[in-house]
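Worksheet for the structure shown next.
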Amino acid sequence: MADEALRGATIAFDLDGTLVDTAPDLIGTLNHILREDGLPALPLAQARAYIGHGARHLLKLGFEAAGQSVHPTRLQQLFERFIPHYRSRIAQESRPFPGCEAALDALAAAGATLCVCTNKPSDLSEALLDALGLTARFAAVVGPDRAPAPKPDAAHLRAAVDAAGGDIGRTILVGDSGTDAGAARAAGAGLVLVDFGYTEIPVADLSPDAVISHYDDLPEACRRLLGACGGKAGRL
């Protein structure tokens, strides 16, 4: 049943590290490339923090951690090897974070519209969401290729909200990193950060409106944020 705070609101989600724990497949692909090049694989716990700024950034940091610097020309070659392998195993081990699907359903039942605003390319994002059975829950999936500029630019979040038919003034972005924080603040949207994602900066240091440690807490956090602002998203 719809409620006053959430009815007509748009809840936008980052993907990697927010909706889905994609680290096992991303790092699995990185390690596949490293092993092909005769380098040691990296522990998942170490390489998780390298996720969030695209595959090239992941490859660059991964190769540096394995003891080898990468020239930009070679980085592009590595990227061209990375993408097809990653696509082939995109949801082999990746799973939605605990409670995610129930929270999405609760938000939708309360009258909110959901969309995805991610720096992951749109085709890979849709392939992942399709494989996990999540696609139908979202009114739009907007990667950087479907926006004027990627997060943390406000234009990315605005493009996602527009594609979902929403109002940026009644939007909350749920994310896990400084990239998400920057986009939400630049766009004037509310900001909820999860503390289980991929970031080298503690999420509390990013000045979110709320931090959650489990998806069970998301619907109430969104309700509280929107309600405290008279139905408008923004700082509490």
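The values are calculated or read from the model by the stated rules, or taken from the named source; none is laboratory data. Everything quoted here is computed from the prediction, not taken from an experiment. Ideal geometry is used to build each Cβ from the backbone, glycine not excepted, and the neighbour counts take in all protein chains shown.
Check region 69-91 and report whether any residue there is of a type in the set (Gly, Ala, Ser) and within 21 Å of residue 131 (Cβ to Cβ). Yes, there is a match, as at least one residue in region 69-91 is of a type in the set (Gly, Ala, Ser) and within 21 Å of residue 131 (Cβ to Cβ). Only helices (runs of 4 or more DSSP H) whose full extent lies in region 42-124 are considered here, and the ones with at least 3 residues that are without any contact (Cβ under 8 Å) to a residue 24 or more places away in the chain and charged (D, E, K, R) are 55-65. One residue stands out among those in region 146-178 that are surrounded by 19 or more Cβ atoms within 10 Å (Cβ to Cβ) and charged (D, E, K, R): the one that is farthest from the chain's Cα centre (by Cα), which is 170. Being on the phi < 0 side of the Ramachandran plot, surrounded by 23 or more Cβ atoms within 10 Å (Cβ to Cβ) and of a type in the set (D, E, K, R) holds for only one residue in 14, 21, 3, 37, and it is 14.
The listed residues are 50, 86, and the only one of them that is of a type in the set (Ser, Thr, Tyr), surrounded by 15 or more Cβ atoms within 10 Å (Cβ to Cβ) and at pLDDT below 95 turns out to be 50. Listed by first and then second residue, the pairs linking a residue in region 140-167 that is in contact (Cβ under 8 Å) with a residue 60 or more places away in the chain to a residue that is surrounded by fewer than 21 Cβ atoms within 10 Å (Cβ to Cβ) and assigned to a loop (DSSP other than H, G, I, E, B), with Cβ atoms under 6 Å apart and 6 or more places separating them unless they lie on different chains, are 164/139. The single condition from (1) outside the structural domain of residue 180 (by TED's automatic domain parsing); (2) in contact with a strand residue (DSSP E or B) (Cβ under 8 Å, 6 or more places away or on another chain) that residue 42 fails is (2). Give just the number: which of (1) within 19 Å of the chain's Cα centre (by Cα); (2) not assigned by TED's automatic domain parsing to the domain that holds residue 222 does residue 63 not satisfy? Against the list (1) within 19 Å of the chain's Cα centre (by Cα); (2) not assigned by TED's automatic domain parsing to the domain that holds residue 222, residue 63 comes up short only on (1).
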